[in-house]
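Take a look at the structure set out below.
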Amino acid sequence: MLTVLAIAVVGFKVIEEDWSWMDAAYMSVITMSTVGFEEVRPLSELGRVFSMVIIITGVGAFAYTFATLGEQLISGQLVSNLRQRGTVAMLRRLRGHHIVVGYGNTGSAVAAQLRSVQGARVVVIETDASLVRDASEDGCTAIHGDAGQDEVLEQAGIAKAASLVCAASPDSVTLMTVLTARVMAPDLTIVARATLPDSAPKLLRAGATKVVSMHDIAARRMLDEILGGIGSREMVESAIEVEGRRLPVATGEVGVVEGGPFADKAIGASGVLSTGTADVLAIRRRATSEIVDAHDDLILEPGDVLILVGSPSHVDDSVAALTRAQE
């Protein structure tokens, strides 16, 4: 519409040489809008022909523009487009944010934890428009698109992100997302959820830093309930700063099996300390759920839980070794 208006103004000025720019602009507007005012000055023959051309093209452009604006206002698309432009501008300024792919039950919980615990900025990528709206209402920066596409991950600022969490469904979508993200950001921390048992090794080969298997978590939780915490390999990781370096620290838990090699023995004589490379920090008593400090003379009772501390690899190895020793 603006292009037609500009052509009309220049055309009237050139054809009607004695007209001012204001006369040309005024004539162009009343011609395109068909308000029916009289001509500012008598038109020449060529000027009338030019006016007919402007009426045909200008009225069409005028009507199309306002019809489109009206449709978008009624449907809410205009507001959505403006919000999307604001999102793009905000994403250009983001650094050190977290990308969450999929805003279902898992993805929304992860995003909420990141925002509440760390106060981090979270960018959500979702293909479902209703979930995109939910993410925006929850305070996340939301993008409507497929995370398996390069341009969508670029829009999410993957090159400047701190991590990517993929909680999409099905696992084939997660696999494509992980593969694409790893190619675009070789050093990015990528955590992926696997809903099928055989998906975990595929996701690791595709480039996931860590894979959370829903079946494994459910199985471990059920075993914990049945066996009193035996083989619990859920670790809580953090970091400590030593001489300017941040060192990872993790804790893990292993239950004491009734009739096993550690039950009814003192910690020092049971062999617990020599079985793993992590330190036994404390004991959670089965009878009272009280946590007590570990020392060599403390008698381990069936159902007690050993709380281990050390580097993540040492804790993981120790949990596995102590679990095998009691099988």
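A short reminder: the numbers here are calculations on the coordinates, not readings from a lab. Because the structure is predicted, anything quoted here is derived from the model rather than measured. Virtual Cβ from ideal backbone geometry, glycine too; neighbours counted across all protein chains shown.
Apply 1/(1 + (r/R0)^6) to the Cβ-Cβ distance of Ala159 and Asp128, taking R0 = 22 Å, and write down the FRET efficiency to the nearest 0.05.
Details: r = 26 Å, r/R0 = 1.17.
Taking R0 as 22 Å, the efficiency between Ala159 and Asp128 is 0.30.
Using θ = phi - 60° and the Karplus curve 6.51 cos²θ - 1.76 cosθ + 1.60, what whole-Hz ³J(HN,Hα) does each residue of the range 6-20 get, with Gly and Pro shown as x?
So the J values, rounded to whole Hz, are 5, 4, 5, 4, 5, x, 5, 5, 6, 6, 9, 4, 8, 7, 7.
Using each residue's phi in the range 275-287, evaluate 6.51 cos²θ - 1.76 cosθ + 1.60 at θ = phi - 60° and report the 3J(HN,Hα) Karplus result to the nearest Hz, with x for Gly and Pro.
Running phi through 6.51 cos²θ - 1.76 cosθ + 1.60 with θ = phi - 60° gives 6, x, 9, 8, 8, 8, 7, 7, 10, 9, 6, 5, 5 Hz.
In debye to the nearest 20, how big a dipole does the range 125-214 give about its Cα centre with +1 on each Lys and Arg Cβ and -1 on each Asp and Glu Cβ? Walk me through the numbers before you get to the answer.
On the way: 7 positive and 12 negative charges, 92 e Å.
Dipole size: approximately 440 debye.
Considering amide H positions built from the backbone, and no H for Pro or chain starts, which residues 5 or more places from Ala266, or on another chain, come under 5 Å of its amide H?
Leu300
Between Ile143 and residues 5 or more places away or on another chain, which pairs have amide H atoms under 5 Å apart, with H built 1.01 Å from N, and which residues are they?
Answer set, sorted by chain and number: Val124, Ile125, Glu126.
Could you state, as a whole-number percent, how many of the C-alpha pairs of the range 2-75 are farther apart than 15 Å? Display every interim value, and only then the final one.
Working: 1426 of 2701 pairs.
Distances greater than 15 Å cover 53 percent of the Cα pairs.
Tell me the net charge near Gly303. Cut-off is 10 Å between Cβ atoms, Gly303 excluded, with +1 for each Lys or Arg and -1 for each Asp or Glu. Mind dumping the intermediate values first?
Working: positive: Arg284, Arg285, Arg286; negative: Glu258, Glu301, Asp304.
Result for the neighbourhood of Gly303: 0.
Residue-wise, which Karplus ³J(HN,Hα) couplings in Hz belong to the range 256-265, taking 6.51 cos²θ - 1.76 cosθ + 1.60, θ = phi - 60°, and x for glycine or proline?
The phi angles translate into 8, 7, 5, x, x, x, 9, 5, 6, 10 Hz.
Output the peptides 9-22, 289-302 sorted from most to least packed, where packing is the average of other Cβ atoms within 10 Å over each peptide's residues.
Working: 9-22: 14.9, 289-302: 13.1.
Per-residue Cβ counts within 10 Å, averaged per peptide and sorted highest first, yield 9-22, 289-302.
Can you give me the long-range amide H partners of Glu258? Hydrogens built in the peptide plane at 1.01 Å from N, cutoff under 5 Å, separation of 5 or more residues or another chain.
Gly303
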